[in-house]
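Q: Before we start, here is the structure in question, set down as structure tokens.
Only the coordinates and a few stated rules stand behind these numbers; no lab work does. Source: prediction; values computed, not measured. Note: ideal-geometry Cβ built from the backbone for every residue, glycine included; neighbour counts use all protein chains shown.
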Ligand SMILES: [Zn+2]
Ligand SMILES: [Zn+2]
């Protein structure tokens, strides 16, 4: 059954290309991590041999090595995962890149590219080349996201890497201001350059996240000011429509059944007869002034008064006065 399901599925050539991009992205990361590890190890060794004692920086670099190893493992696992055809077919399905085909000529399940759709079925082969490239890059990112979603240990490790990197970033900045000046200048400049290179790459890597945070931080005071302004300019005691509807609902909302409504059981707004269990709002202005809750809510958005007798529901005082009047009327 499982095999049959695999045989009948084909992936688009866009998806096939994006998986190759995923592999390249992962290899790029691995190379970057290896470079970080090598540089940190070399620096630590030089420091040790030349008795360059700056403990903060040395600890910082040891953590960089640990973090790089974790990242290296994550991307090695991803490279292994994108070799597994059934997993990729599932990811492809999530991203709408799988086409169901009748014929099943495939014998080996080794390479996902064997699952290419017929060019007739495959809309993605008709996309112009430049657009194809753009979509490929975008899809490659989505494939990585999907793989992280499927494998929760990977997802958690990546979050951990993110947190460690932010910690290292902040710590790196602090270290930059706390250079011990009794160090010899070679030792000092070596470490400072290493730290700043790391900071630069980390900032580039998480640039989209930082830009988002900056935009939110910039927008926050304006949003707060707008809310305060709105609160201040709203006349005292005046409530908004939703609030008024909510309060009326508390007392005057009924589920329609014949004995609850006197007179013609019909909504005066939409002119429909009430159905059993429909939500009906009986306005306090008069026994026969009742409407569908939906109809009167929509009406109140435009006019805060009763559609039949024009009794206003806008002012709080009026409302309360009104309720007292109704209570005094003998039933
Ligand atoms: Zn109605
Ligand atoms: Zn009325």
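Q: Whole number please: convex hull volume per residue of the Cα set in region 1-75, in Å³?
A: Output value, Cα hull per residue: 95 Å³.
Q: Separate question: For the pair residue 84 and residue 59, what calculated FRET efficiency results from E = 1/(1 + (r/R0)^6), where r is the Cβ-Cβ distance and R0 = 41 Å, to the nearest 0.05?
A: 0.60
Q: If a paramagnetic tag sat 7 Å from the Cα of residue 163 along the Cα-Cβ line, which residues of region 135-151 would have the backbone N under 12 Å from that point?
A: none
Q: Against the empirical 2.2 N^0.38 Å scaling, what ratio does the C-alpha Rg of region 49-158 come to?
A: 1.56
Q: Between the alpha-carbon centers of region 67-103 and region 48-64, tell me the distance in whole angstrom.
A: Spelled out, the Cα-based centre of one part sits 39 Å from the other.
Q: Relative to the longest principal Cα axis of the chain, at what angle does helix 85-94 sit, 0 to 90 degrees, rounded to 10?
A: 30 degrees
Q: Now for a separate question. Highest first, please rank the peptides 217-223, 41-47 by the mean number of other Cβ atoms sitting within 10 Å of their residues.
A: Packing proxy ranking, top to bottom: 41-47, 217-223.
Q: Also: How would you rank 285, 309, going from fewest to most other Cβ atoms within 10 Å of each one's own Cβ?
A: Listed from fewest to most nearby Cβ atoms, that is 309, 285.
Q: I've got another one for you. Can you give the FRET efficiency for residue 276 and residue 247, using 1/(1 + (r/R0)^6), R0 = 22 Å, r = Cβ-Cβ distance, to the nearest 0.05?
A: Rounded to the nearest 0.05, the efficiency is 0.25.
Q: Note the angle between two axes, namely the Cα long axis of helix 207-233 and the longest principal axis of the Cα atoms of the chain, as a number of degrees from 0 to 90, rounded to the nearest 10.
A: 20 degrees
Q: For the chain, find the longest principal axis of its Cα atoms and tell me its angle to the long axis of helix 293-302, 0 to 90°, nearest 10.
A: 80 degrees
Q: Quick one: of the DSSP bridges fully inside the chain, what percent are antiparallel, nearest 5?
A: Counting only bridges with both partners in the chain, antiparallel ones make up about 90 percent.
Q: I'd like the FRET efficiency for residue 266 and residue 302, computed as 1/(1 + (r/R0)^6) with the beta carbon distance as r and R0 of 30 Å, rounded to 0.05.
A: 0.90
Q: What translational diffusion coefficient, to the nearest whole µm²/s, does region 2-207 have by Stokes-Einstein, given a Kirkwood radius computed over alpha-carbon pairs, a temperature of 10 °C and 1.306 mPa s viscosity?
A: Roughly 81 µm²/s, to the nearest whole number.
Q: Quickly estimate the mean residue ellipticity at 222 nm for the chain, helices only: each DSSP H run with n ≥ 4 gives -39500 (n - 2.57), and the total goes over all residues, rounded to 500.
A: Theoretical 222 nm ellipticity from helices: -22000 deg cm²/dmol.
Q: Also, I was wondering about something else. Please order 112, 84, 296 by the number of other Cβ within 10 Å, starting at the fewest.
A: 84, 112, 296
Q: Next up: What number, in percent, do you get for the relative contact order of the chain if the mean sequence gap of Cα pairs under 8 Å and at least 6 apart is divided by its residue count?
A: Value for the chain: 16 percent.
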